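Take a look at the structure set out below.
The values are calculated or read from the model by the stated rules, or taken from the named source; none is laboratory data. A quick note: this is a predicted structure, and the numbers were derived from the prediction, not measured. FYI the Cβ positions are ideal-geometry reconstructions off the backbone, even for glycines, and counts take in every protein chain you see. Protein only, heavy atoms only, side chains kept; ligands, DNA and RNA dropped before computing areas. Shrake-Rupley method; radii C 1.70, N 1.55, O 1.52, S 1.80 Å.
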Amino acid sequence: QVQLVESGGGFVQPGGSLRLSCKVSGFSGFTFDYYAIGWFRLAPGKERAAVSCIGSSDGNIYYPDSVKGRFTISRDNAENTLYLQMDNLKPDDTAVYYCAKYKTRYYTDTSDDTKDYDSWGQGTQVTVSS
């Protein structure tokens, strides 16, 4: 089984920045770099949606238009950690943010479909308000 633990959420004013981290640990033989991984968010009254995904072996990267130019995803394969740098935050970015692992290995492309991810963290709250 794979465990994902998010951190870095908090309260920030509009225009501010936060950096989320997702530490991934797994079974013996698990290789973080082999898996695509993504960030999703769940806001009140909305469905869980992807905010950024990155393919295995630092493959393709996906951002929806709503965060493009403001959010940056990165991964440190030596530390089994995924990051999301969020700049110029807006009140609409308020949500619980989750990281998730893609269901199969060696997928260098990206997917914004939650059904393609089989392991999820517990989430970290991000609140953007003045």
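Values for this structure:
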item: Pairs with Cβ under 9 Å, 6+ apart, first in the stretch 102-130 and of a type in the set (S, T, N, Q), second open to solvent by 80 Å² or more (accessible area, probe 1.4 Å) and in a helix (DSSP H, G or I); result: Thr108/Asp58
item: Residue within the stretch 105-113 that is over 13 Å from the mean Cα position of the chain (by Cα), modelled with pLDDT under 95, of a type in the set (Val, Ile, Thr) and open to solvent by 60 Å² or more (accessible area, probe 1.4 Å) present; result: yes
item: Residue satisfying all of: in the stretch 114-130; open to solvent by 60 Å² or more (accessible area, probe 1.4 Å) and not in a strand (DSSP E or B); farthest from Asp65 (Cα to Cα) among these; result: Gln122
item: Cβ pairs under 7 Å, 6+ apart, first in the stretch 9-31 and under 13 Å from Lys90 (Cα atoms), second at pLDDT below 95; result: none
item: Top-ranked residue in the stretch 5-56 [being open to solvent by 70 Å² or more (accessible area, probe 1.4 Å) and not in a loop (DSSP other than H, G, I, E, B); ranked as farthest from Asp109 (Cα to Cα)]; result: Phe11
item: Meets criteria (at pLDDT below 95, open to solvent by less than 60 Å² (accessible area, probe 1.4 Å), of a type outside the set (Asp, Glu) and more than 13 Å from Ser111 (Cβ to Cβ)) for Ser74; result: no
